[in-house]
Amino acid sequence: MTQETNACCGPLSGVGMSRRELLNRFGMGLGGLALSHLMSGKAFADPTPNALGLPHFPPTAKRVIYLFQSGGPSQMDLFDYKPLVNEMNGEQLPDSVRQGQRLTGMSANQASLPLAGSIFEFAQHGESGAWVSDLLPYTAEVTDEVCFIKSMYTEAINHDPAITFLQTGSQLSGRPCIGSWLTYGLGSDNDNLPAFVVLVTKGKGGQPLYSRLWGSGFLPSRNQGVQLRSGKDPVLYLNNPGGISQGSRESFMKRLRELHEHKIELTGDTGLEDRIAQYELAFRMQTSVPEVTDLSNEPDDLFEMYGPDARTPGTYAANCLLARRLAEKGVKFIQLYHRGWDQHGNLPAGIKTQCQETDQPTAALLKDLKSRGLLEDTLVIWGGEFGRTNYSQGQLTKDNYGRDHHPRCFTVWMAGGGVNPGITFGETDEFGYNVAKDGVHVHDFHATLLRLLGIDHERLTYKFKGRDFRLTDVHGNVVEELLA
């Protein structure tokens with residue numbers, strides 16, 4: 001029997017080629033799918049901001065770098081100084097403070113809830129007089145650039161719904177994330193790189209992170225985040241598969257494009273336009289991604305500023321430096337994830353490690369952006385999905401304790417991008433358990449973020465299954481005091 005072949009791909013499906021081989025050749029080598037675009041001179045245009053009537057206001061931020069500290073950093077040991085809790089160390093959390101609020105299953109059955117004062121020293125820094133513990137000496141140097149929000153709160157008390165809520169505006173999975181909403185509304189500033197890039201610190205244990213956290217949900221697929229990994233292949237399946245010549249792929253892809261265009265004419269399926277747009281971006285990324293991820297041309301003194309881990313690809317420090325490079329290239333939304341902040345026990349040792357990994361590069365990022373004139377229109381955000389309790393989970397000793405999840409109040413900070421610098425907004429009570437003044441809900445946080453980018457959060461919507469959806473659902477108010 002004669003084996004039927006195709007000039008661009010060799011044996012056809014079912015004759016000498018497995019299904020997996022066929023998919024590898026046709027689907028995973030994305031670069032060739034853009035070649036027909038380059039040869040034909042045609043392109044499927046992205047929806048422009050003007051088509052959506054955006055921006056609604058003059059933006060103060062052009063891009064966002066979100067340093068997400070997964071696991072829930074302890075505001076009690078980093079930013080929210082509570083001398084009364086130190087004085088009452090070991091005493092029971094008063095019922096009048098807890099007010100019957102729910103606890104997680106991890107501490108609900110404890111016989112007692114002893115207050116745990118922080119063993120770390122706090123001091124005021126900068127002209128703003130912001131309180132920062134000695135765990136963060138580098139962050140203490142840049143407090144006058146930072147707007148601390150000490151009154152953040154959320155409904156979610158466990159990690160997955162809490163992280164999903166911070167990233168998508170809903171505790172239920174399936175909604176578009178912040179970066180997808182922004183790129184859908186504002187488009188891209190660089191045709192050769194994704195508008196939304198995700199970086200995850202390698203080798204860190206902790207609560208799992210799922211790709212749906214940077215997924216586009218029901219928005220067009222071109223708005224999903226692209227994860228850049230450390231190693232020789234920063235983007236999976238970007239390069240052409242072995243054994244396929246450029247000429248043969250060109251022949252095949254021209255025909256494939258013709259089929260797609262014909263199908264679009266018949267059905268009006270915009271999903272095909274999204275797919276082709278992604279293929280074409282993938283081709284351009286074959287050159288642009290290796291260039292932007294190559295840190296070898298950065299000077300030695302810059303590596304020293306970011307810290308000893310900065311030369312090791314995939315570390316938090318290296319990702320902070322890479323985030324600055326991506327910001328320079330016009331990437332709209334850059335999301336860093338750093339796990340390991342979930343310290344239910346042995347908090348003093350665990351949080352020291354986290355701060356050693358993140359403090360210096362975080363401060364260096366702000367200094368680096370400012371020195372290049374980028375901080376004024378780059379919004380930098382630092383924070384996790386919730387805070388930690390003022391009482392000890394498990395046994396409390398003189399030099400050791402743990403803290404459970406605490407959604408009632410936690411600290412997030414923002415810098416640059418039109419944020420009011422050098423202020424502390426909101427207050428918690430003297431026990432650090434409840435918001436005492438100027439609470440900022442997750443939806444308020446999202447509404448304010450969008451406002452800095454020139455977007456009215458009530459007007460950036462997408463119709464899905466018969467209703468208009470938005471990042472802030474049906475809630476949220478811009479916190480005007482946070483705007484410069």
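Taken together, the values in this text are just the output of simple stated rules run on the coordinates, not laboratory data. All of these numbers come straight from a predicted model, not from anything done at the bench. A quick note on method: Cβ atoms are made from the backbone with ideal geometry, for glycine too, and the neighbour counts reach across all protein chains shown.
Here are the numbers for this structure:
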quantity	calculated
With at most 16 neighbouring Cβ atoms within 10 Å, loop chymotrypsin sites (Phe, Trp or Tyr not before Pro) (DSSP) excluded, longest segment of the chain	238-484
Potential extension, N346-N158 segment - 0.36 nm per residue separation minus Cα distance	65.7 nm
Antiparallel DSSP beta bridges within the chain, as percent of all bridges there, nearest 5	50
Segment 164-214: relative contact order in percent, alpha carbon pairs under 8 Å with at least 6 residues between	38
In degrees, nearest ten, helix 347-371 long axis to first principal axis of the chain (Cα)	60
Vicinal HN-Hα couplings computed from phi for segment 312-323 (Karplus, 6.51 cos²θ - 1.76 cosθ + 1.60; Hz; Gly/Pro x)	9, x, x, 6, 4, 5, 5, 5, 5, 5, 5, 4
Share of alpha-carbon pairs per 10 Å distance bin for the chain, given as whole %	4, 19, 28, 24, 14, 8, 3, 1, 0
Separation in nanometres of the label points that stand 7 Å from Cα toward Cβ, at R212 and E481	3.6
About the Cα centre, charge dipole magnitude for the chain (Lys/Arg +1, Asp/Glu -1 at Cβ), debye	1820
Dipole of the chain [Lys/Arg +1, Asp/Glu -1 at C-beta], most positive-end residue of T312, L453, Q171	Q171
Coil-residue trypsin sites (Lys or Arg not before Pro) of segment 94-154, DSSP, other Cβ within 10 Å capped at 13	R102
Helix-derived mean residue ellipticity, 222 nm - over the chain, DSSP H n ≥ 4, -39500 (n - 2.57), to 500	-9000 deg cm²/dmol
Dipole magnitude of segment 61-118 about its Cα centre (Cβ charges: Lys, Arg +1; Asp, Glu -1), debye to nearest 20	440
Signed unit charges on C-beta, dipole axis of segment 50-158, positive-most listed residue G71, S118, A61	A61
Cβ-Cβ FRET estimate between Q101 and L172, R0 fixed at 25 Å, reported to 0.05	0.65
For segment 234-333, size of Cβ-based charge dipole, Lys and Arg +1, Asp and Glu -1, in debye	340
